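Student: Here you go, one structure.
The values are calculated or read from the model by the stated rules, or taken from the named source; none is laboratory data. Being a predicted model, the structure only gives us computed values, none of them experimental. Here the Cβ is made from the backbone with ideal geometry for all residues, glycine too, and neighbour counts use every protein chain on show. Note: areas computed on protein heavy atoms with side chains; ligands, DNA, RNA excluded. Shrake-Rupley method; radii C 1.70, N 1.55, O 1.52, S 1.80 Å.
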Amino acid sequence: MGYLWEQVRGAIPLIVSGNSYILGVTWVTIRVAIVSTAIALAIGLPIGLAIGLGRFRGRRAVHILANASLALPPVIVGVGVLIFLLPQGAFGSLRIEFTLQAVYVAQTILALPYIVALVPAAIQGLPPGLLAQARVLGAGRRQLSLLALREAKIGVIAAVIAALGAALSEVGAVVIVGGNIQNYDQTLASAVLAQINDYANYQYAVAIGLVLLALILFLMTVLTVLQQRTSGIHLRFRTG
């Protein structure tokens with residue numbers, strides 16, 4: 001216990017002094033988390049709405065597949081993305097392997113299942129008959145989608161929280177597709193791994209870990225407050 005406290009005491013000055021390395025890694029982490037979550041939301045929200053509201057054949061199977069995707073092993077995603085991005089791969093012409101752009105791709109894939117799986121679950125948890133009544137009142141597809149998002153907003157924001165949390169804390173895929181290059185595409189989580197494995201610098205590892213925990217707590221607090229206070233979207237349905 002004394003050794004742990006010694007490392008924490010050595011880590012605090014690194015944080016308080018605004019260490020340039022830690023600040024740089026923090027900024028990269030924030031960028032990766034926000035960009036990947038935003039892309040996952042843009043792609044996954046329409047898919048989630050289609051699963052939650054749709055009446056197409058195979059909808060149950062698609063939903064099961066979406067739920068199963070939550071268990072995607074990050075290292076498998078990292079290896080798969082890297083294979084596609086290598087020069088001999090299908091997207092090798094992009095030449096973005098071992099770059100921050102590759103990290104965006106991998107993290108988006110890992111964040112996407114949370115949106116695709118949790119949004120339909122939130123919609124299906126709405127009171128029975130609510131959406132059916134809206135259809136009877138003449139709600140179009142767009143109005144029905146907005147109504148579902150409004151009524152299921154707590155669940156939808158929970159999906160965003162889960163996706164953002166995954167993007168902040170993931171290590172395996174970042175190391176594989178980005179190379180964990182210092183001052184370039186290291187995130188806080190992968191930087192902790194580098195400090196432990198490559199340098200055995202425990203004070204830096206503890207300092208970076210504390211910053212990561214603080215960042216997660218801050219962002220999750222903001223989203224939780226938004227989840228509790230967000231106002232509804234007022235809709236009018238055409239009748240007749």
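Student: For the range 1-77, state which chymotrypsin sites (Phe, Trp or Tyr not before Pro) are in a DSSP loop and have at most 11 other beta carbons lying within 10 Å of their beta carbon.
Tutor: Numbers: sites: Y3, W5, Y21, W27, F56; in loops: F56.
The qualifying sites are F56.
Student: So what is the calculated 222 nm ellipticity per residue for the chain, using -39500 (n - 2.57) for each DSSP H run with n of 4 or more, over all residues, to the nearest 500 deg cm²/dmol?
Tutor: For the chain, the value works out to -24500 deg cm²/dmol.
Student: Another question, then. Which three numbers, in whole Å and largest first, are the semi-axes of the equivalent ellipsoid of the chain derived from its Cα gyration tensor as √(5λ)?
Tutor: In descending order, the three semi-axes are 39, 23, 14 Å.
Student: Per residue, what volume in Å³ does the Cα convex hull of the range 16-142 take up?
Tutor: Values: hull volume 21.8 nm³, N = 127.
Considering the Cα atoms of the range 16-142, their hull volume per residue is 172 Å³.
Student: Across the chain, where is the longest run that never hits trypsin sites (Lys or Arg not before Pro) in a DSSP loop with at most 16 other C-beta atoms within 10 Å?
Tutor: Here the longest segment lacking exposed loop sites spans 96-235.
Student: Where in the range 197-230 are there chymotrypsin sites (Phe, Trp or Tyr not before Pro) that are in a DSSP coil and have at most 14 other Cβ atoms within 10 angstrom of their Cβ?
Tutor: Those that pass, being in a loop and sparsely packed, are Y199.
Student: Contact order normalised by length for the chain, with contacts defined as Cα pairs under 8 Å and 6 or more residues apart; what percent is it?
Tutor: 29 percent
Student: How large a share of the accessible area of the chain, in percent, is made up of carbon and sulfur atoms when the probe is 1.4 Å and the other protein chains stay in place? Please list the in-between numbers first.
Tutor: Numbers: 8620 of 13060 Å².
Ligands and nucleic acids excluded, carbon and sulfur give 66 percent.
Student: Can you tell me the accessible area per residue over the chain, all protein chains present, probe 1.4 angstrom, in square angstrom?
Tutor: Here the residues of the chain average 54 Å² of exposed surface.
Student: While we're on this one: Using only Cα atoms, find the angle between the long axis of helix 59-68 and the longest principal axis of the chain, and express it within 0 to 90 degrees, rounded to the nearest 10.
Tutor: 20 degrees
Student: Between 0 and 90 degrees, rounded to the nearest ten: what's the tilt of helix 188-197 against the longest Cα principal axis of the chain?
Tutor: 30 degrees
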